[in-house]
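Heads up, the thing below is written out as structure tokens.
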Amino acid sequence: MTQQASKQILIAGGGIGGLAAAIASSRAGWQVRLYERASAFSEVGAGIQMGPNVVHVLHGWGLAAALAEVAAFPERLQVRNALSGAELGVLRLGPTAVQRYGSPYATIHRADLHQLLLAAVQQRDAVWLNLDQTLTGYLETSEGVALQTQAGLEVEGDALVGADGLWSRVRTQLLGDSPPRVTGHLAYRAMLPQASLPPALRSQQITAWLGPKLHVVQYPVRRGEWLNVVAIVHGHVHGGLEDWDHSANAADLQAALGHTCNPLRALIEAVPEWRLWVLCDRPPMRGEREQARGRVALLGDAAHPMRPYLAQGAGMAIEDAAELGHNLAQVDAVLDVPTMLSRYALNRWQRNARVQARSIRNGEIFHLDGPLAWGRDASLKLLGERLLDVPWLYRGR
């Protein structure tokens, strides 16, 4: 292939990770062809927390003003006991996060982040977005890689990035491993205008309520005008896991949280409609070959799906994209594509594995019961911010 031809990357998946990869690859000077199986670019109604490590990347891509228009920037994160309502600890965000880490902590509607990234992609040259293209497989040779779709399309490039999510077809072919594992946790999600809530239930901060085999997180989105609420409980649902977005029975959740404190129950009862997700993940990554082999790389949930207890699923996908772009910019006559992707994987897998492991551990801590929960609460009251801050994470990749 000519040097110009070797500057083309194929991306499977048009979610947050795929669009972030398209931005980073384009900024690195590559031509980008992205393939999304849906007939339109869209995202579900859920919130996302973005630590300073993630906001730093978006600011570096010139998206600070666009982010400020749609996100909220809470000034504190409060942890409370779900049974008693007592405050256990506080992490200062806002100006404190900027002072410590150089960027703020943001909370955002998932669809708003997706639209922000899509708009940025659409403003870049040499990026082609292709909808209604379901990937069936790929063919890799020493000279390149060809992506194949259900519609009979075959497109050649020099690298393929699987950003096609939890049920990634790229991963299935690349690694040939088992499906994601079911965690036994269910996430009830809701988002509603703050104006629709009684004044006592409105909030401009992040609050995490910790209880036996459950926890609830609430935070503002859309410039603080909306409130995102996520309640996670232990349980299972029937049906196909790939159809992971279900309507939820509010009465089921209210019953599961019936023993919690009055303020938390009032919040749950004020939400008229919930959506239900079955949470799945994979064990922490064990090596770089789980993230890239040859001319094919994985990114985001395709590589390292994680539990949401560190609020970094989308963040790690965006960090992956930034690292991918950094390595793509170094491809030349000396550094070939497989070597570049190998370096990308080497630079990412250990951090991703650490976040996966910490997310699992956080879930165990959040859901403690009995004497262990008392010990957790006492530690938070004593140490507070020292336990809640995560410098190794928030300083960035």
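The SER84 and GLU143 beta-carbon pair, evaluated with R₀ = 41 Å, returns a calculated FRET efficiency of approximately 0.05. Of the peptides 108-115, 189-196, the order by per-residue mean of other Cβ atoms within 10 Å, starting with the highest, comes out as 108-115, 189-196.
Inter-label distance, LYS213 to TRP392: 3.2 nm, where each label sits 7 Å from its Cα along the C-beta direction. Helix 370-383 and the longest principal axis of the Cα set of the chain meet at an angle near 80°.
Charging the Cβ of each Asp and Glu at -1 and of each Lys and Arg at +1, and nothing else, the dipole of segment 109-201 about its Cα centre rounds to 660 debye. For GLU273 and SER39, the FRET efficiency from 1/(1 + (r/R0)^6), where r spans their Cβ atoms and R0 equals 22 Å, is about 0.30.
Charge tally for GLY157 (other residues, Cβ to Cβ under 15 Å; Lys, Arg +1; Asp, Glu -1): -3.
When the residues ARG76, ARG171 are ordered by accessible surface, computed with a 1.4 Å probe over the protein chains alone, the sequence from largest down reads ARG76, ARG171. Placing a pseudo-label 7 Å from each Cα along the Cα-to-Cβ vector at ASN262 and GLU364 gives an inter-label distance of 3.7 nm. Take every Cα pair under 8 Å whose residues are at least 6 apart in sequence, average their separation, divide by the length of the chain, and the relative contact order is 23 percent.
Accessible area per residue was computed with a 1.4 Å probe on protein heavy atoms; GLU225 scores about 100 Å².
Taking every alpha-carbon pair under 8 Å whose residues sit at least 6 apart, segment 238-395 reaches a relative contact order of 23 percent.
First select every other residue whose beta carbon is under 12 angstrom from the beta carbon of THR96; then total the charges, Lys and Arg +1, Asp and Glu -1. Net charge around THR96: 0. For a paramagnetic label modelled on ARG181 (point 7 Å from Cα along Cα→Cβ), amide N atoms under 18 Å away belong, within segment 303-325, to 303-310. The residues neighbouring TYR35, those whose beta-carbon lies less than 14 Å from its own, together hold a net charge of -2 under the Lys/Arg +1, Asp/Glu -1 convention.
Estimated from helical segments only, the mean residue ellipticity of the chain at 222 nm is -10500 deg cm²/dmol, where each DSSP H run of four or more residues counts as -39500 (n - 2.57).
Select from GLY60, ALA208, LEU117 the residue farthest towards the positive end of the dipole of the chain; place +1 on Cβ of Lys and Arg, -1 on Cβ of Asp and Glu, and compute about the Cα centre. My answer, from the dipole projection, is ALA208. Extension gain, GLN99-ASP125: 0.36 nm per intervening residue step, less the Cα-Cα distance, totals 5.8 nm.
Just the protein heavy atoms count here, and of the accessible area of segment 186-338 at 1.4 Å, carbon and sulfur take up 51 percent. Simple rule: put +1 on each Lys or Arg Cβ and -1 on each Asp or Glu Cβ in the chain, find the dipole, and look at GLY152, ALA317, SER39; the Cα lying farthest toward the positive end is ALA317. Of the trypsin sites (Lys or Arg not before Pro) found in segment 242-311, those in coil by DSSP whose Cβ has at most 16 other Cβ atoms within 10 Å are ARG286. Heavy-atom accessible area per residue, segment 1-78, 1.4 Å probe: how many Å²? Dividing the accessible area of segment 1-78 by its residue count gives 36 Å². Of the beta bridges in segment 1-152, as assigned by DSSP with both residues counted there, near 60 percent are antiparallel. Using the Stokes-Einstein relation with a Kirkwood hydrodynamic radius computed over Cα pairs, the translational diffusion coefficient of the chain at 25 °C and a viscosity of 0.890 mPa s comes to 113 µm²/s. Bridge orientation summary for the chain: considering DSSP beta bridges with both residues in this region, about 70 percent are antiparallel. MET285 sits with roughly 10 Å² accessible to a 1.4 Å probe, with DNA, RNA and ligands left out of the calculation. Multiplying the residue separation of ASN249 and ALA329 by 0.36 nm and subtracting their alpha-carbon distance yields 23.9 nm.
The values are calculated or read from the model by the stated rules, or taken from the named source; none is laboratory data. A quick note: this is a predicted structure, and the numbers were derived from the prediction, not measured. Because the Cβ atoms are built from the backbone with ideal geometry, glycine has one as well, and the counts that use them run over all protein chains shown. With ligands, DNA and RNA removed, areas are computed over all heavy atoms of the protein, side chains included. Shrake-Rupley method; radii C 1.70, N 1.55, O 1.52, S 1.80 Å.
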